[in-house]
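The values are calculated or read from the model by the stated rules, or taken from the named source; none is laboratory data. No experiment lies behind these values; they were computed from the predicted model shown. Cβ atoms come from the backbone with ideal geometry, glycine included; neighbour counts cover every protein chain shown.
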């Protein structure tokens, strides 16, 4: 049912709503429909997930109707799914079940749909008729303005004409297009309305990504490159504050915390570059940020995982788990308020201000490696951290205590972050392969560690619920069953460690590490000591 | 995609008006809708100002490589398409009989490519019980059966239900009868409705009145709610659509 539609811009010389419509009617047999006021708002997630997949979700307000339209952003911007709605788009569960929701769901995940740009104005539809008074094409003239905030005047867009064919009447549609091109000197619209409106509003689609993507020059001084990395992380952190404070969706807080963790890791791991006193000061201050954002994230993880946890229980126990969710939800609000207060605090504001001031005008002297070319420093840091991971991993036996695996996980995270910070300095395929390997290892170690933490947390929650009289016996038993499942899964992860670590500690990987990170002037360095 | 046959063994009970009006209301509610005009008289096609002609006729449709794709026409209403009637459909049973494989599953086969394209397909069925009807029953999720409140109409409903019970494979098919062309001033109609509603609990509550405005659809050549949205009969079709949508 997707129809051919073509968008044209009406040249300024011809424009003028009623005039354009009259000019068309003078040449084509048309039935005008009453002109209507409309508002078109375009939605995407904060990280532009729909745009990256070549699409956008539009909500059209037309009279009393509210309609969701899924556009492919290809040529002519076709609407390939649409459905009515009564509520504004938000999280996936806020969308009515149907074709549009089916398209959005796999791309959106837990993110919220946010209005990226909105246009409003008038639409005049003309139906082109054949001799039987049958509609053979639809012409939509839209005179729209981009809505702006802060009391600024709306930005007018050029008048658009959309010609939509009617199925089975291709020849008639083609004739209409030819005719109108002559009458109105139409210019094909070069971009879909959405992209045109974004450009007019000064928004760049795809501008946010939580992924690290630095382009570093191997020879640039380490202090400059390090500040570039840290500034990028600061920008990610700042971009997520508002969403985390308003709790728009759990990913804002998650991305904020990841940027904080990476910042702390960079401060610790890129050694000898920034003045030590500065490093020590900010490490402490960012540790505070990590700590105040922790409780809400823990609750998010639980609540997001709740359906899976529940489904993993035997059917008879599942409903008994609901008081746990109610308890988590009840505590969520208070924790979120504490978080919002911390993110609005002077302490936080001063931290960000001081940090930015330092990064933009750093004292680049005073640390011994401040002027060392970044590539040489990166090689050294990665080499050493890889060696530590290998030493710690090889020392782990079936009898090793959980703490040893926890230490290894911390080292693996540091190695992963270092490789991600510096990946632009290395051959893309090689470094990506190594990062992928370490992620596999981290997943295993994370499974082991997180399950232990979750089981312990669940035990503490059960005690707290009991103290508050919020845990019926059935709920405690169901939580007990969950703890048991978690510990079993933890054992499974432990059992797989040796195999997964062996995959990481392979000769092939050693060769890649040697090729990428070996010290340039020590060709005789032994493989792992130098890798 | 849901498939609904507007079906009755009896003619002149308001099938086409129901198909056309419900299709319009479904499309207005955002459902991508296709009406398949299976009646060689082509009344639904006429209402939508579309020529009752399919290239290659019924034979082309059943034997051709392109299936129904080329034959579908857009109506005057967004989200509402029509697969027109063709006079050759009068011989549809013979054409179906000649199908190499599964003569009873030909309509189902022809609809298969449109599963993602339409949310709702409405068959406007010719009055009969035949091989074509059997194709309709096998392709449909539900049969919407208009009943004029008379004893004779009730008999045809019973006949249909008996047929569906005796034949295999129609267990999942919902039968949704409703009253059509109701004249509230006639005691016979109101009495029959009360009796049949008790007898058939599956009877939908919405009843379509016998209204001059419905008959004028032929003059306007468009669905009733499109030219007389506030007419009582248009309201009755709206109620019927809500009930059908819920039942689906």
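What the table below lists for this structure:
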quantity	calculated
Failed item, numbered, when residue A:149 is tested on (1) in contact (Cβ under 8 Å) with a residue 40 or more places away in the chain; (2) more than 14 Å from chain B (Cβ to nearest Cβ)	(1)
Members of the stretch A:122-134 found to be within 14 Å of chain B (Cβ to nearest Cβ) and buried (at least 18 other Cβ atoms within 10 Å of the Cβ), listed by number	A:123, A:125, A:126, A:127, A:128, A:129, A:134
Flag for residue B:99 being within 22 Å of residue B:166 (Cα to Cα) and away from chain A (no Cβ under 14 Å)	no
Out of B:236, B:226, sole residue that is assigned to a helix (DSSP H, G or I) and either surrounded by fewer than 15 Cβ atoms within 10 Å (Cβ to Cβ) or in contact (Cβ under 8 Å) with a residue 40 or more places away in the chain (or both)	B:226
Residue within the stretch B:94-110 that is under 21 Å from residue B:20 (Cβ atoms) and not in a helix (DSSP H, G or I) present	no
Failed criterion for residue A:218 (all others in (1) over 15 Å from residue A:9 (Cα atoms); (2) within 14 Å of another protein chain (Cβ to nearest Cβ); (3) touching a strand residue (DSSP E or B) at 6+ places or on another chain (Cβ under 9 Å); (4) surrounded by fewer than 20 Cβ atoms within 10 Å (Cβ to Cβ) hold)	(2)
Any hit, the stretch A:5-23, residues being within 14 Å of chain B (Cβ to nearest Cβ) and modelled with pLDDT under 90	yes
Residue in the stretch A:166-180 that is within 40 Å of the chain's Cα centre (by Cα), more than 14 Å from chain B (Cβ to nearest Cβ) and surrounded by 14 or more Cβ atoms within 10 Å (Cβ to Cβ) present	no
So residue B:45, is it in a helix (DSSP H, G or I), more than 10 Å from every other protein chain (Cβ to nearest Cβ) and either surrounded by 22 or more Cβ atoms within 10 Å (Cβ to Cβ) or at pLDDT below 85 (or both)	yes
Restricting the stretch B:55-67 to residues that are buried (at least 19 other Cβ atoms within 10 Å of the Cβ) and touching a helix residue (DSSP H, G or I) at 6+ places or on another chain (Cβ under 6 Å), the residue that is farthest from the other protein chains (Cβ to nearest Cβ)	B:62
Only listed residue being closer than 29 Å to residue A:244 by Cα, without any contact (Cβ under 8 Å) to a residue 12 or more places away in the chain and surrounded by fewer than 18 Cβ atoms within 10 Å (Cβ to Cβ), chosen from A:353, A:316, A:325	A:353
Yes/no for residue B:18 being crowded, with 22+ Cβ neighbours inside 10 Å, within 14 Å of another protein chain (Cβ to nearest Cβ) and either closer than 30 Å to residue A:139 by Cβ or touching a residue at least 24 places away in the same chain (Cβ under 8 Å) (or both)	no
Test result for residue B:74, away from every other protein chain (no Cβ under 14 Å) and without any contact (Cβ under 8 Å) to a residue 24 or more places away in the chain	no
Restricting the stretch B:50-78 to residues that are within 12 Å of residue A:166 (Cβ to Cβ) and touching a strand residue (DSSP E or B) at 6+ places or on another chain (Cβ under 8 Å), the residue that is modelled with the lowest pLDDT	B:78
Qualifying residue in the stretch A:394-412 (condition: at pLDDT below 95, touching a helix residue (DSSP H, G or I) at 6+ places or on another chain (Cβ under 8 Å), assigned to a loop (DSSP other than H, G, I, E, B) and surrounded by fewer than 16 Cβ atoms within 10 Å (Cβ to Cβ))	yes
Residue list for the stretch A:81-105, restricted to those being within 12 Å of another protein chain (Cβ to nearest Cβ) and surrounded by fewer than 17 Cβ atoms within 10 Å (Cβ to Cβ)	A:84, A:86, A:96, A:97, A:102
Residue match in the stretch A:251-266 (condition: outside any helix (DSSP H, G or I) and in contact with a helix residue (DSSP H, G or I) (Cβ under 7 Å, 6 or more places away or on another chain))	no
The stretch A:59-80, residues that are more than 14 Å from chain B (Cβ to nearest Cβ) and either crowded, with 20+ Cβ neighbours inside 10 Å or touching a helix residue (DSSP H, G or I) at 6+ places or on another chain (Cβ under 9 Å) (or both)	A:71, A:73, A:77
Qualifying residue in the stretch A:107-121 (condition: more than 14 Å from every other protein chain (Cβ to nearest Cβ) and more than 28 Å from residue A:240 (Cα to Cα))	yes
Positions within the stretch B:81-94 being buried (at least 24 other Cβ atoms within 10 Å of the Cβ), modelled with pLDDT of 90 or more and more than 8 Å from chain A (Cβ to nearest Cβ), in sequence order	B:82, B:83, B:85, B:86
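Here is a yes/no grid of residues against (1) closer than 12 Å to residue A:57 by Cα; (2) modelled with pLDDT of 90 or more; (3) not assigned by TED's automatic domain parsing to the domain that holds residue A:140:
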site	(1), (2), (3)
A:69	yes, yes, no
A:77	yes, no, no
A:85	no, no, no
A:88	yes, yes, no
A:91	no, yes, no
A:98	no, no, no
A:104	yes, yes, no
A:108	yes, yes, no
